[in-house]
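To keep things clear, I will list the structure first and then write my remarks on it.
The values are calculated or read from the model by the stated rules, or taken from the named source; none is laboratory data. The shown structure was predicted, so the numbers you read here are calculated from the model rather than taken from an experiment. Cβ atoms come from the backbone with ideal geometry, glycine included; neighbour counts cover every protein chain shown.
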Amino acid sequence: MSDSPVIKSMRIVPVAGYDSMLLNIGGAHNCYFTRIIVILTDSAGHTGVGETPCHASTLQLLEQFRPLIEGSSLLRLNATLSQLFSSEARQQQTSHTNDIHIPQMNPEKFYNAAAAIEAALLDLQGKLFNLPVADLLASGKQRDRIPVLGYLFYIADRKRTNMHYQSGEHEQDGWFRLRHETAMDSDAVVRLAEAAVEQYGFRDFKLKGGVQAGEVEVATVEALLARFPEARVTVDPNASWSLEEAIRFGKQLAGKVPYLEDPCGAEQGYSGRETLAEFRRATGVPVATNMIANDWRQLHHALQLNAIDIPLADPHFWTMRNANVVAQLCNEWGLTTGCHSNNHFDISLAMVAHLGAAAPGDRQTAFDTHWIWQDGQQLTRQPPQIRDGYLELPPGPGLGIELDMDRIEQAHAIYNALPDKNRNDALGMQFLIDNWRYDAKRPSLVR
Ligand SMILES: O=C([O-])C(=O)C[C@H](O)[C@@H](O)C(=O)[O-]
Ligand SMILES: [Mg+2]
């Protein structure tokens with residue numbers, strides 16, 4: 001033990017990259033998205049890395065945790081993480097909210113901070129033992145690649161804003177050009193899907209809903225199914241439909257979609273877990289969620305009510321090790337493993353690849369990733385690849401990635417120059433609708 005590596009330094013690097021004007025219930029994605037990269041260096045000279053959503057309070061928390069991490073023994077990872085979990089900071093921030101994890105609406109930052117630290121420690125341990133991180137998660141590596149889905153959005157017209165969205169006009173036709181162009185109807189979303197299939201080979205799609213009236217979004221799902229009859233297509237309206245609407249649309253889509261994601265939420269004195277349980281009973285359509293089962297206590301209530309089939313346990317909300325435990329529970333209890341995503345760089349892509357590779361059993365739904373919107377902005381030398389609809393586990397020990405420090409410094413410089421550092425999707429939306437405000441019960445364009 002006395003020779004075991006010790007963490008020498010922890011660097012906390014907020015970074016930013018470019019995004020398209022993607023619509024959701026919270027508004028429109030800004031032209032920039034932000035993340036935090038945690039870089040640990042150990043006494044053996046190795047580097048471990050983790051990525052997580054960025055918010056000023058997460059940065060503060062990470063600073064607060066620095067004394068617990070620097071000087072800690074790499075082999076005592078369990079003890080180090082237990083200290084984080086028993087810290088005052090965690091006690092103060094244990095309540096998850098029923099929101100869509102758009103950071104400005106979500107006070108829960110403890111898990112985001114712990115997730116980045118844990119991933120970096122696992123990366124270092126993997127390098128020490130010459131094992132992939134997937135092998136360090138309790139169930140061990142089960143596979144070398146995981147199915148991921150094409151995450152489709154309606155895209156607003158960036159030219160109606162004075163924001164610095166990229167244009168894609170210098171790109172050839174295809175995904176890298178289309179992902180910047182307006183796509184507000186079913187035909188345009190089908191064209192996006194075609195380009196994504198051409199580029200990445202997807203067989204699964206998710207439409208980000210909660211934007212247009214439910215009927216319009218259901219019609220887009222049906223158009224995607226008509227174009228790709230063999231594909232699995234779903235929609236996530238982020239609980240903007242009422243229970244009555246959700247049941248109506250659920251019956252329309254029953255047998256055609258593998259699941260619906262957060263079709264309804266809290267209303268009229270009933271919790272989201274209760275309305276989803278009623279939705280499942282009324283329609284028989286399986287339910288996925290990243291809104292009402294985001295910690296152990298919420299998951300317990302959701303399962304007691306038979307409200308969900310697929311907890312989308314995002315490693316950034318749970319940490320990789322806890323998300324792997326959720327995957328083990330899914331396997332033992334007849335649920336399906338899945339994973340939520342926000343915009344991210346390729347370090348998170350590697351974290352998700354290892355998580356999926358370690359999920360036991362054969363009931364996994366295609367994992368979410370927003371990477372296709374950021375592809376080309378890598379912070380590592382050889383980002384994990386999505387081919388034929390699968391995200392491939394990068395070879396090599398730890399997370400299997402090597403940081404490109406020049407690119408990290410560039411992304412850090414972009415972050416430093418940002419006027420608004422916390423995510424705020426209302427900003428872009430206010431160019432489309434004057435004085436637009438978020439409303440949890442209404443799609444963003446229904447005003
Ligand atoms: O599944 C979800 O709810 C999400 O992916 C939440 C994200 O914030 C998504 O809506 C987005 O990126 O706009
Ligand atoms: Mg969702």
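Considering region 284-294 alone, what residues qualify as being touching a residue at least 24 places away in the same chain (Cβ under 8 Å) and within 16 Å of ligand 1 (Cβ to nearest atom)?
286, 287, 288, 289, 290, 291, 292, 294
State whether one or more residues within region 218-225 are at negative phi, within 16 Å of ligand 2 (Cβ to nearest atom) and outside any loop (DSSP other than H, G, I, E, B).
Looking for residues that are at negative phi, within 16 Å of ligand 2 (Cβ to nearest atom) and outside any loop (DSSP other than H, G, I, E, B), one finds at least one in region 218-225, hence yes.
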In region 303-316, how many are in a helix (DSSP H, G or I) and either at positive phi or surrounded by fewer than 24 Cβ atoms within 10 Å (Cβ to Cβ) (or both)? 2
Sort through 95, 87, 167, 139 and tell me the only one that's modelled with pLDDT of 90 or more and of a type in the set (Ser, Thr, Tyr). 167
Here the residues within region 145-192 that are of a type outside the set (Gly, Ala, Ser), farther than 19 Å from residue 221 by Cα and loosely packed, with under 14 Cβ neighbours inside 10 Å are 159, 160, 162, 164, 169, 170, 172, 173
Tell me, please, whether a residue that is in contact (Cβ under 8 Å) with a residue 12 or more places away in the chain and either touching a Cys at 6+ places or on another chain (Cβ under 9 Å) or within 16 Å of ligand 2 (Cβ to nearest atom) (or both) can be found in region 194-203. no
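So which of 196, 239 ends up being in contact with a Gly (Cβ under 7 Å, 6 or more places away or on another chain), in a helix (DSSP H, G or I) and within 24 Å of residue 341 (Cβ to Cβ)?
Matching residue, one of 196, 239: 196.
Residues checked against (1) farther than 16 Å from residue 23 by Cβ; (2) away from ligand 1 (no atom under 16 Å from the Cβ); (3) in contact with a strand residue (DSSP E or B) (Cβ under 8 Å, 6 or more places away or on another chain):
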site: 187; (1), (2), (3): yes, yes, no
site: 197; (1), (2), (3): yes, yes, yes
site: 202; (1), (2), (3): yes, yes, yes
site: 207; (1), (2), (3): no, no, yes
site: 211; (1), (2), (3): no, no, yes
site: 217; (1), (2), (3): no, no, yes
site: 220; (1), (2), (3): no, no, yes
site: 226; (1), (2), (3): yes, yes, no
site: 229; (1), (2), (3): yes, yes, no
Starting from residues that are assigned to a helix (DSSP H, G or I) and among the aliphatic types (A, V, I, L, M), keep the ones in region 282-302 and report whichever is nearest to residue 235 (Cα to Cα). 282
In region 332-353, what residues are more than 30 Å from residue 178 (Cβ to Cβ), in contact with a helix residue (DSSP H, G or I) (Cβ under 9 Å, 6 or more places away or on another chain) and more than 16 Å from ligand 2 (Cβ to nearest atom)? 333, 335
Kindly indicate whether residue 433 is modelled with pLDDT of 95 or more, crowded, with 18+ Cβ neighbours inside 10 Å and of a type in the set (Val, Ile, Thr). no
Given the criterion in contact (Cβ under 8 Å) with a residue 12 or more places away in the chain, assigned to a helix (DSSP H, G or I) and under 25 Å from residue 442 (Cβ atoms), identify the matching residue among 257, 189. 189
Scan of region 245-288 for residues that are surrounded by fewer than 21 Cβ atoms within 10 Å (Cβ to Cβ), under 18 Å from residue 310 (Cβ atoms) and among the polar types (S, T, N, Q), ordered by number: 283
Take region 247-283 and flag every residue that is within 16 Å of ligand 1 (Cβ to nearest atom), among the hydrophobic types (A, V, I, L, M, F, W, C) and closer than 20 Å to residue 303 by Cα. 260, 264, 266, 276
Show the residue pairs that are 6+ apart or on different chains and have beta-carbon atoms under 6 Å apart, the first residue being within region 138-161 and within 13 Å of residue 23 (Cβ to Cβ), the second being away from ligand 2 (no atom under 16 Å from the Cβ) and of a type in the set (Val, Ile, Thr). 152/189; 155/182; 157/182
Just the residues that are assigned to a helix (DSSP H, G or I) and either under 24 Å from the mean Cα position of the chain (by Cα) or at positive phi (or both), please, taken from region 199-217. 199, 200, 214, 217
Please list, ordered by first then second residue, the pairs with beta carbon atoms under 6 Å, 6 or more apart or interchain, first in region 50-67 and over 14 Å from residue 120 (Cα atoms) and in the same structural domain as residue 32 (by TED's automatic domain parsing), second at pLDDT 95 or above and basic (Lys, Arg). 54/35
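Listed here are the residues, each with its yes/no results for (1) part of a helix (DSSP H, G or I); (2) crowded, with 21+ Cβ neighbours inside 10 Å.
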position	(1), (2)
352	yes, yes
362	no, no
382	no, no
408	yes, no
419	no, no
